[in-house]
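Below: one structure, written as structure tokens.
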Amino acid sequence: MKNFSVPQNDTFWEEDIKKKKMDPVSPVKVRALGLTGESAKFVDTIDQLRNDPPNIVIAKPIKTFSFIQNWFKRQTLKKKVSYVMGLGVFQQMHKGTRSGQKTNLLKPGNIKFRNVYKPYIGQSLEDKTLLVFRTGGIGDLLFIQPNLRYLKEKYPSCTINFACGPQYQAMVDNWDCVDNVVDLPFPLKWLINADYHALFEGVIERCKEAHSTNAYNLFTRWMGLNLPDNLLIPQQEPKEEKLMECMKIVEEWKLLHRPFILTQIRASSPIRTPRPEFWIDIIDELTDLGFDIVITDNPRQSDNVDKFIDGVKNKDKVFNFAKYSKTLDYTIALAKLSSLTLATDSALNHIAASLNKPCYGIYGPFPGFIRLKTYPKAKWIDAEKDCAPCFLHGMSACPRAGKDSFSPCYDNLDIKKIVTEIGEMLK
């Protein structure tokens, strides 16, 4: 399966300024951004993390320039406007190459983030504005959502603004608890005009407590709410027009009135992606039992999904949805139509739970309970290897991976057990 694509670091790709690698930010510039050498340190608890400056910065473009975030949407940062972004984003974007010459794009802003940061830790939001932002993926945003639903119900007069990557906005824009959705990076005015800020930088990535505590429990404590587990389940419904489109697709496949399993075999990071042979074994056994499988991914991966399907035994029972999943809300709609979702440590597990659907998770670098514990219809299997769980974040491949970049911790999982448990969930 040499053609199966392992994701690489795709956080930012610029249209007008081509860069092959990040340029390091000098210590002088880091200090000018309001951070120190102590920033980004690893801590034991989220209470200690509160004393550490978040790795969020305010920067100004030296010239107006455009970029595309995750191949999804062209964004423009305008000269003389201050923007809020993560330090890693600044590192990726502060220099570019044009016509073979290095060019400066960003400089530290006049205002330091730490001087205007007003953390939300449970204060009254009556007639107040809360700005929420998270530079993470789909799961990270869903970890936040139950708290926002609670706050909107408790303080109907509050305004909740949510800043996230454009590729996730089709989902967040459909949440009743959010009033405005904002692009990341965002203009400083959104920060200044908010009464409080809820950002989650480091809560999972820089805190040892995240190795033993479910993400929903951590996020609600971070916001000072401490909601019980039964309230820490995200809730959403697909958009009606997307649901109707997906119903037509499923009907063409003759699956509309048949149970099918929606599968995500590739995570956003290679470290959380099992090798394709692992998935072929599972899918072959499930289809031998009569189950139909639909694979979702983004449209750029459609050809790779087709090549993967060429390697399974029962090709007539495996379907490629990637070409139809133009935005995130298509996968949400399809998950609503499915009988169960099966995925590696990725967004589909959390989407299923938000729709009250059963999900089965395949976990390696992270144990399943720190992600799925609050979901009443979730089952998972954890990797059985001396190095797992390793709790490694980021977009690099596993240090123990071979040339194919797939994490070896998944190789010893009991496929018979996985298939049996899925069959029991579908009875």
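The values are calculated or read from the model by the stated rules, or taken from the named source; none is laboratory data. Note that this is a predicted model, so its numbers are computed, not measured. Heads up, the Cβs are rebuilt from the backbone with ideal geometry, glycines too, and the neighbour counts pull from every protein chain shown.
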Consider residue 90 carefully, then state whether it is of a type in the set (A, V, I, L, M, F, W, C), farther than 26 Å from residue 178 by Cα and without any contact (Cβ under 8 Å) to a residue 60 or more places away in the chain. no
Within the range 37-56, can one find any residue that is of a type in the set (Ser, Thr, Tyr), part of a loop (DSSP other than H, G, I, E, B), modelled with pLDDT under 75 and surrounded by 12 or more Cβ atoms within 10 Å (Cβ to Cβ)? yes
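For the range 244-262, state whether one or more residues are aromatic (Phe, Trp, Tyr) and part of a loop (DSSP other than H, G, I, E, B).
The answer is yes; a qualifying residue exists.
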In the range 139-162, which residues are within 23 Å of residue 331 (Cβ to Cβ), touching a residue at least 40 places away in the same chain (Cβ under 8 Å) and crowded, with 22+ Cβ neighbours inside 10 Å? 142, 143, 144, 145, 146
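Quickly run through the range 192-228 and pick out the residues that are of a type in the set (S, T, N, Q) and without any contact (Cβ under 8 Å) to a residue 12 or more places away in the chain. Steps first, please.
Of the range 192-228, the ones of a type in the set (S, T, N, Q) are 193, 212-214, 217, 220, 226.
Hit for the range 192-228 is 226, nothing else.
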Residues that are more than 22 Å from the chain's Cα centre (by Cα), over 30 Å from residue 228 (Cβ atoms) and at pLDDT 95 or above: which strands (runs of 3 or more DSSP E) entirely in the range 317-423 hold 2 or more of them? 318-320
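Criterion first (assigned by TED's automatic domain parsing to the domain that holds residue 393 and on the phi > 0 side of the Ramachandran plot) does residue 315 satisfy it? Break it down into steps so the answer makes sense when it comes.
Values: assigned by TED's automatic domain parsing to the domain that holds residue 393: yes; on the phi > 0 side of the Ramachandran plot: no.
No: the conditions fail for residue 315.
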Could you check, for the range 361-373, whether at least one of its residues is buried (at least 18 other Cβ atoms within 10 Å of the Cβ), in contact (Cβ under 8 Å) with a residue 40 or more places away in the chain and hydroxyl-bearing (Ser, Thr, Tyr)? no
Contacts under 7 angstrom Cβ, first residue in the range 378-391 being outside the structural domain of residue 417 (by TED's automatic domain parsing), partner part of a loop (DSSP other than H, G, I, E, B) and of a type in the set (Asp, Glu), 6 or more apart: none
With 234, 259 as the choices, which residue is farther than 30 Å from residue 389 by Cβ and in contact (Cβ under 8 Å) with a residue 60 or more places away in the chain? 259
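Which of the following residues is among the aliphatic types (A, V, I, L, M) and touching a strand residue (DSSP E or B) at 6+ places or on another chain (Cβ under 7 Å): 130, 125? So that I can check it myself, show each step before the final result.
Details: 125 fails: touching a strand residue (DSSP E or B) at 6+ places or on another chain (Cβ under 7 Å).
Just one listed residue meets the conditions, 130.
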Filter the range 399-426 for residues that are touching a Pro at 6+ places or on another chain (Cβ under 7 Å) and not basic (Lys, Arg) and give the result. 401, 405, 406, 407, 409, 410, 425, 426
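So, residue 267, is that one part of a loop (DSSP other than H, G, I, E, B), within 25 Å of residue 136 (Cα to Cα) and in contact (Cβ under 8 Å) with a residue 60 or more places away in the chain or not?
Details: part of a loop (DSSP other than H, G, I, E, B): yes; within 25 Å of residue 136 (Cα to Cα): yes; in contact (Cβ under 8 Å) with a residue 60 or more places away in the chain: yes.
Judged against the criteria, residue 267 is a match.
Collect the residues in the range 211-240 that are within 24 Å of residue 259 (Cβ to Cβ) and assigned to a helix (DSSP H, G or I), keeping them in residue-number order.
Restricting attention to the range 211-240, the residues satisfying the condition of being within 24 Å of residue 259 (Cβ to Cβ) are 233-240.
Residue satisfying the conditions is 240 alone.
Can residue 72 be described as within 24 Å of residue 157 (Cα to Cα), under 21 Å from the mean Cα position of the chain (by Cα) and either modelled with pLDDT under 85 or not β-branched (Val, Ile, Thr) (or both)? Let's see the steps before the verdict.
Details: within 24 Å of residue 157 (Cα to Cα): no; under 21 Å from the mean Cα position of the chain (by Cα): yes; either modelled with pLDDT under 85 or not β-branched (Val, Ile, Thr) (or both): yes.
So residue 72 does not fit the description; no.
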